[in-house]
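To keep things clear, I will list the structure first and then write my remarks on it.
No value in this document is a laboratory result; all are computed from the given coordinates. Keep in mind it's a predicted model, so treat the numbers as computed, not measured. Ideal geometry is used to build each Cβ from the backbone, glycine not excepted, and the neighbour counts take in all protein chains shown.
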Amino acid sequence: MQNPQFPGDAGPVQDGLFGVDDLDGRPEDSRAPGPSFRDSDRARRMLSVREIHAEPGAAASQRGREVLARFPDAEVLPVDSHWRIPELHGNRGNVERWVRIKSTVLVLGEKKTLTVRANGRSADWIAPGAANGCAMACAYCYVPRRKGYANPVTVFTNIDRIIARLARHVAGQGPKSEPNQCDPEAWVYDVGENNDCSVDALISENTADLVRAFSRWRTAKASFATKFVNPDLLLLQPRGRTRVRFSLMPPDDSRLLDIRTSPVEERIEAAADFVEAGYEVHFNLSPVVIRPGWEQAWGLLLQHMDDVLPDAVKAQAAAEVIMLTHNRDLHDVNMSWHPRAEDTIWRPELQQAKLSQNGSWNVRYRDATKASAVETVRRLVHTHAPWLPIRYAF
Ligand code: SF4
């Protein structure tokens, strides 16, 4: 059934759109024979699904059936709405339970509201997500703000309608007439606001479908940030129309804060392979966490990038710099399972709180502290990685 919000919805995208390459006659993906990364032990350590909570319509859809077939031993539990699963959501319970939920539970749902939102910072537009939630557990993550910390990945099975909505939006924009910091020539759509598309690609073809769709749209580009290296994405053919933003921070910070993610060194190492595969690779220098010795640690990270990244990566790279944003509720949650992280990211003497629209207190570095830190990062980039333009910093 089509969403009444979009009476002009063209419905499912036609088969031909994702079939044979209409540009050069080659098959769209060059998948090599042999096992996928997503069937490897490493992938299974990230996700070993035993329980799938599914809206009936989502389970019956083609994408839903594919996901269920991929995890045949998982118990399937019907739910009315992917938004209301009290035994999964919320902040109760300890971290072992959260991590177990994140790594063993999936939710299948249909995305009802297919809104494309203007952004203007990281991307021109925020696309309706093809997933919500994450199997990783970064201590500062804002994604759980609506479902609580133990939010496992919800896969939205109506990917055809999400892509059809994007196709209409891209067509409606026409070519980009003026360059901006998001991109000089393409409209950039963030396709991973509340999820990590690299992890999602362990579960379903949603990420691949988005990469394929954008590879055909000459005026648009997909973009997503990731902290997980998924080599299966190298088998797609993005043709320069998907920007992968590897998030980076000094390895010591990452080991403390980026729980369950790929090591920072591995993310840097992967950049060359992704460029070679046809992705644009940018870097999110984020979050920047002010702690004793942070300037030196960021200097070393940037020096390392300068040492190991090949010219092919440097020639096309750009960066976003994002200072840490925290949240009072998340601080309270973290204190019960990872107080050592809070020693570093909860610094009231440096931070100020602001009431958000949803009634929770967001915490940021005070204006002067933040401005000075942003200038420090700019100087460090200029010194150690002068090839890396900063698209924006805040
Ligand atoms: S990888 Fe991103 S979405 Fe996942 S927990 Fe970390 S910050 Fe959140």
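Other residues within the sphere of radius under 13 Å centred on the Cβ of Trp387, judged by their own Cβ, net out at -2 (K and R +1, D and E -1).
Each stretch of four or more DSSP H residues adds -39500 (n - 2.57); spread over every residue of the chain, this sum gives -9500 deg cm²/dmol at 222 nm. Near Thr219, once Lys and Arg are set to +1 and Asp and Glu to -1 for all other residues with Cβ below 12 Å from its Cβ, the sum equals +2.
Normalising by the residue count of the chain, find the relative contact order in percent from Cα pairs under 8 Å and 6+ residues apart. Write out the running numbers ahead of the final one.
On the way: 742 pairs, mean separation 54.0, N = 394.
That works out to 14 percent.
If eta is 1.002 mPa s and T is 20 °C, what Stokes-Einstein diffusion coefficient results for the range 231-279, Kirkwood Rh from Cα pairs, in µm²/s?
Details: Rh = 11.8 Å.
The estimated diffusion coefficient comes to 182 µm²/s.
Across q = 0.16, 0.20, 0.21 Å⁻¹, the range 289-394 modelled as identical point scatterers on its alpha-carbon atoms has Debye log10 I(q)/I(0) values of -0.81, -1.04, -1.09, in the order of the q list. Could you tell me which of Ala368, Thr261, Ala220 has its Cα farthest along the dipole of the chain towards the positive end, charges placed at Cβ (Lys, Arg +1; Asp, Glu -1), taken about the Cα centre? Farthest towards the positive end: Ala368.
Per residue Cα convex hull volume for the range 15-393, in cubic angstrom?
On the way: hull volume 53.8 nm³, N = 379.
Convex hull of Cα atoms, per residue: 142 Å³.
For the chain, Cys134, Cys182, Cys197 stand unpaired, since no other cysteine beta carbon lies under 4.7 Å from theirs.
Note down the magnitude of the dipole of the chain about its Cα centre, charges +1 on Lys and Arg C-beta and -1 on Asp and Glu C-beta and zero elsewhere, to the nearest 20 debye.
Details: 50 positive and 51 negative charges, 200 e Å.
Charge dipole of the chain: 960 debye, to the nearest 20.
Taking the fewest neighbouring Cβ atoms within 10 Å as the starting point, the ordered list for Cys182, Cys138, Cys197 is Cys138, Cys182, Cys197. Dipole of the chain computed with +1 at Lys/Arg Cβ and -1 at Asp/Glu Cβ about the Cα centre; of Leu235, Val199, Asn327, farthest Cα towards the positive end is Asn327.
Structure note, pairs Lys176/Lys370; Lys111/Lys147; Lys112/Lys370: Cα-Cα distances above 26 angstrom occur for Lys176/Lys370; Lys112/Lys370. Set against the 2.2 N^0.38 Å expectation for a compact globular protein, the range 116-212 has a Cα radius of gyration ratio of 1.15. Normalised by 2.2 N^0.38 Å, with N the number of residues, the alpha-carbon radius of gyration of the range 153-301 equals 1.11.
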